[in-house]
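First comes the structure, then the notes that go with it.
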Amino acid sequence: MEIIKNFRDLLKNVDGKERSARRAVLLAVADGIKAAQPGNLFKHKVARKGDSLRLIDRALNLNKFEEILVLGAGKASVGMYQALRPLIENKLAGGVLIVPRGEEKKVHGGKVQFIGAGHPIPDEDGEKGARRILQMARSASANSLVICLISGGGSALMPSPVEGLTLKDKAYVTNLLLKSGANIEEVNTVRKHLSGIKGGRLAEACGAATVVTLILSDVVGDPVHSIASGPTAPDPTSFKEALAVLERRGIWSSAPTSVRKRLLAGAAGKVKETPKPGSGVFRRVTNLMIGSNLDACLAARESLRKLEFDVLLLTTHLEGEARHIGTVLGSLAQSADRYGLPLKRRAAVVVGGETTVTVCGHGSGGRNQELVLSASMKMASLRGVAMASVGTDGIDGPTDAAGAVVDGKTVSRSKVIGLSVEDYLSENDSYHFFERLGDLVFTGPTGTNVQDISVLAMV
């Protein structure tokens, strides 16, 4: 399967050393995404031997359970289920998985119901799915094994507004948070305190059942409590912290009245908190990390090493404003070109994580597109240098692109057709800039979600 749909077209836009550099970064990105797909991750971390199900470094005796239920939500749910299903089918009694709309059509038959729902703004189908998940969780007994499949996107796909809130209220405050530049931890801190399923509530609903949650992380640092808002994890955040997020991001007064009332009541101790670390709710719950950004970055590094690059995997914890990160990464190319530091050519840098964009303009784009657009100014006129940045889920912001690619000729090519990098940055309109240049990277939904990968190469 070709990960980058327009790979050949992206190479046609330049020639010489720039084409070689582009080819390297695009291959590295594609190999990173491929490594993070559930089927590949499960091969190394989940296996069945007789009646024993091996999960990373532990094993479950399936004879102890009368039935297995599969519950969860996320962008990687389809792939995770397809990898898991052959290992548990003889005991599988049923389940519900909520996936991005359209993905439910990829699975046919079987005992697990797939529900397509909205992302990143939650919708009624997701709410119905969450209600069905909670019903099935509450039906589990002490002889049940509940396997939860959780990946990025699960927060939006599995909305369960608490009493007094509507789905519209949740969708509105989510949209406010996304546009404010709030990072994923901040967004999920709020979501957990407006939900009946997140922040450990799903584990609570499973009662005496044994719960094993397999997780693909889309959050920097892989905090289990924040991935998909931690439906089966202890929640270390509080109502007071959720309230503080809205105030810090300047959207408290814009939030729906019902949301403010809920958070104020919780902060005053009038509403029950989410289950905390040490709670008996988690006595029979195990959360296991099956994949993360590290898997993707290591594969990207190996891809570049095979092409005989000297590679620096700089970090898998990248955070901050996308345009500022782009400036820093672009300056690495300048330094390498001028001084041979931190690496001499033939060199490459891999970074992973997830940046944010504080929307001030009226354009369209995503964090990866904005990152490389900013980097292109630092890379202007450098020979044999290219950078690509993509979301591993294939979706960069509210666009159909996974990200974009730039090189030392991006700025000069844009000037020829009357484009100004500065103007497009000020309008947060990176999508239309790269659309004009033909430098958007398209993958479509990849079936995984382990944050973003940015790769810089100097041939």
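For region 404-459, the orientation-averaged shadow of the C-alpha convex hull comes to 5.1 nm² (one quarter of the hull surface). Quick note on region 328-379: its Rg to Rh ratio, both from C-alpha atoms and Rh being the Kirkwood radius, is 1.07. Note: relative contact order over the chain, using C-alpha pairs below 8 Å and six or more positions apart, is 19 percent. Over 25 Å apart at the Cα level, from the set 64/105; 17/306; 12/34; 12/43, are 64/105; 12/43. For residue 90 and residue 381, a Förster radius of 60 Å and the Cβ-Cβ distance give a FRET efficiency of 0.45, rounded to the nearest 0.05.
For residue 98, the residues whose modelled amide H falls within less than 5 Å of its own, excluding neighbours fewer than 5 places apart on the same chain, are 72, 73, 74, 115. Round to the nearest 0.05 the FRET efficiency obtained for residue 400 and residue 331 when R0 = 35 Å and r is the Cβ-Cβ distance. The value I calculate is 0.70.
Rounded, prolate or oblate: which fits region 282-361, taking a ≥ b ≥ c as square roots of the Cα gyration tensor eigenvalues, rounded meaning a/c under 1.5, else prolate when a/b beats b/c? The partial results should precede the final answer.
Details: a/c = 3.41, a/b = 1.39, b/c = 2.45.
Cα axes put region 282-361 in the oblate bin.
Percent of C-alpha pairs per 5 Å bin in region 27-150, short distances first: 2, 10, 19, 21, 20, 14, 9, 3, 1, 0.
Counting other Cβ atoms within 10 Å of each Cβ, which GluC sites (Glu not before Pro) in region 269-319 have at most 10 and sit in a DSSP loop?
On the way: sites: 273, 302, 308, 319; in loops: 273, 308, 319.
Counting only loop positions with at most 10 other Cβ atoms within 10 Å, the GluC sites (Glu not before Pro) in region 269-319 are 308.
Using DSSP to define loop residues, name the trypsin sites (Lys or Arg not before Pro) in region 314-414 whose beta-carbon has at most 12 other beta-carbon atoms within 10 Å. Walk me through the numbers before you get to the answer.
On the way: sites: 323, 338, 344, 345, 346, 367, 378, 383, 409, 413; in loops: 344, 345, 346, 383, 409.
Listed in order of number, the matching sites are 344.
Restricting to bridges with both residues inside region 27-171, how much of the DSSP beta-bridge set is antiparallel, in percent to the nearest 5? Provide the component values of the computation, followed by the final result.
Working: 8 of 27 bridges.
If we restrict to bridges inside region 27-171, about 30 percent are antiparallel.
Looking at the chain, send over the antiparallel percent of its DSSP beta bridges, to the nearest 5. Mind dumping the intermediate values first?
On the way: 30 of 68 bridges.
About 45 percent, rounded to the nearest 5.
The alpha-carbon of residue 270 sits under 16 angstrom from the alpha-carbons of these aspartates and glutamates, leaving out residues fewer than 8 places away in its chain: 163, 241. Shape annotation for region 112-194: C-alpha extents along the principal axes are 45, 23, 23 Å, from largest to smallest. The alpha-carbon positions of region 64-220 define a convex hull whose volume is 103 Å³ per residue. Evaluated with a Cβ-only charge set (Lys, Arg +1; Asp, Glu -1), the chain carries a dipole of roughly 760 debye about its Cα centre, given to the nearest 20.
Its convex hull of Cα atoms gives region 378-418 a direction-averaged projected area, equal to a quarter of the hull surface, of 3.7 nm². Based on C-alpha pairs under 8 angstrom that are at least 6 apart in sequence, region 239-308 has a relative contact order of 26 percent.
Can you show me the helix-derived [θ] at 222 nm for the chain, built from DSSP H runs with n ≥ 4 at -39,500 (n - 2.57) apiece and divided by the number of residues, rounded to the nearest 500. Write down the numbers at each step before the final one.
Details: 17 runs with 181 residues, N = 459.
Estimated from H runs of four or more residues: -12000 deg cm²/dmol.
Taken together, the values in this text are just the output of simple stated rules run on the coordinates, not laboratory data. It should be emphasised that the depicted structure is a prediction, and the values quoted were computed from it without experimental measurement. No Cβ is skipped: glycine too gets one built from the backbone with ideal geometry, and neighbour counts run over all protein chains shown.
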